[in-house]
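S.K.: The structure that follows is given in the form of structure tokens.
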Amino acid sequence: MRIILLGPPGAGKGTLAKLLKEALNIAHISTGDILREEMKNQTPLGMEIKKLVESGALVPDEIVTKIIENKLTANKNGAQGYMLDGFPRTKVQAEQLDAILTKIRHPIDVALYMEASVPVIIQRLTGRRVCKKCGAPFHIKNRPPKKQDICDLCGGELYQRPDDNEETIRKRMKVYLESTAPIVDYYHAQRKLVKVDADKESEILKDELMQLFNDQGKASHKSGHGPLKSS
Ligand code: AP5
């Protein structure tokens, strides 16, 4: 399957992607993770984008689109599938993605729109901790690590993202509403949109989605199943 994960910051895109990656055996491509890796390694690109990312602004379209184009054209398993997490984030990126997918003949099956409420988003992001080594997301209340500040999966040190403070979260929400929310309509018009209630626990969400995907072979424009809605 080829899936786009859409939704506000803190909707749980990265968390759900890690669960679906296991369940569906498909790649997880996160532009946020790729950009943070560039910053961590202090590459020329990392230095160029650091201020933008840490202030909650978007990185220019041409930079992220190029990253995604390289990933997708290098991805020999494209036919088996992938999840794009955090891309596209603007209408221009959505149009550029369509052009790339037409070229490589791997259209997406589903744009999964993860709708979450503002108090849930703030609670999730202010309490998030991420592993420095493997990137696994934790939460001080919702998903605490067994040992404080240590990753359960690889033993790496957990840290708080610099853009996970309340002021920057509000800026990211504003950017999301202005630039990213409009592309929900873009995928609705293509009949690829599946809307989910992302306030729910991520394991429950994963199980509901797996049921939908199994029932439909692949979830595309057909009508929704149970609590999930296709639109
Ligand atoms: P990115 O890393 O994509 O950030 P984001 O979209 O703001 O999303 P987050 O990673 O903050 O949240 P998430 O939805 O993945 O939530 P998570 O699963 O971690 O982008 C960062 C920056 O990079 C951008 O601001 C921009 O500067 C730049 N960038 C990236 N892509 C770009 C693009 N295409 N164009 C331009 N610029 C780009 O969960 C959050 C927390 O909640 C965790 O602690 C988790 O444990 C907990 N949690 C998750 N789900 C649940 C649940 N269901 N129940 C309880 N707790 C949960």
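S.K.: Would you mind pulling out the separation of the Cα centroids of the stretch 169-201 and the stretch 92-132, in Å?
M.R.: For the stretch 169-201 versus the stretch 92-132, the Cα centre distance is 8 Å.
S.K.: Listed here are the pairs LYS71/LYS103; LYS146/LYS206; LYS18/LYS147; which of them are more than 18 Å apart at the Cα?
M.R.: Numbers: LYS71/LYS103 14 Å; LYS146/LYS206 23 Å; LYS18/LYS147 21 Å.
Check vs 18 Å cut-off fails for LYS146/LYS206; LYS18/LYS147.
S.K.: Next up: Indicate, rounded to the nearest 5 percent, the antiparallel portion of the DSSP beta bridges found entirely in the chain. Display every interim value, and only then the final one.
M.R.: On the way: 9 of 26 bridges.
Bridges in the chain that DSSP calls antiparallel: roughly 35 percent.
S.K.: Another one. What aspartates and glutamates could a cross-link reach from LYS51, if we take a straight Cα to Cα line under 12 Å and drop same-chain neighbours fewer than 8 places away?
M.R.: In chain and number order, the partners are ASP163.
S.K.: Percent relative contact order of the chain, based on C-alpha pairs within less than 8 angstrom and at least six residues apart? Numbers along the way, then the final one.
M.R.: Numbers: 355 pairs, mean separation 61.9, N = 231.
Reported as a whole number, the value is 27 percent.
S.K.: Kindly provide the helix-only [θ] at 222 nm of the chain, computed as the sum of -39,500 (n - 2.57) over DSSP H runs of four or more divided by all residues, to the nearest 500 deg cm²/dmol?
M.R.: Values: 9 runs with 103 residues, N = 231.
Calculated at 222 nm, the ellipticity per residue is -13500 deg cm²/dmol.
S.K.: Take each of the peptides 31-42, 16-27, average the number of other beta-carbon atoms within 10 Å over its residues, and list them starting from the highest. Walk me through the numbers before you get to the answer.
M.R.: Working: 31-42: 16.2, 16-27: 18.2.
Most protected by this proxy first, the peptides run 16-27, 31-42.
Only the coordinates and a few stated rules stand behind these numbers; no lab work does. All values reported here derive from a predicted model rather than from experimental measurement. Neighbour counts are summed over all protein chains in view; Cβ atoms, including those assigned to glycine, are modelled from backbone coordinates with ideal geometry.
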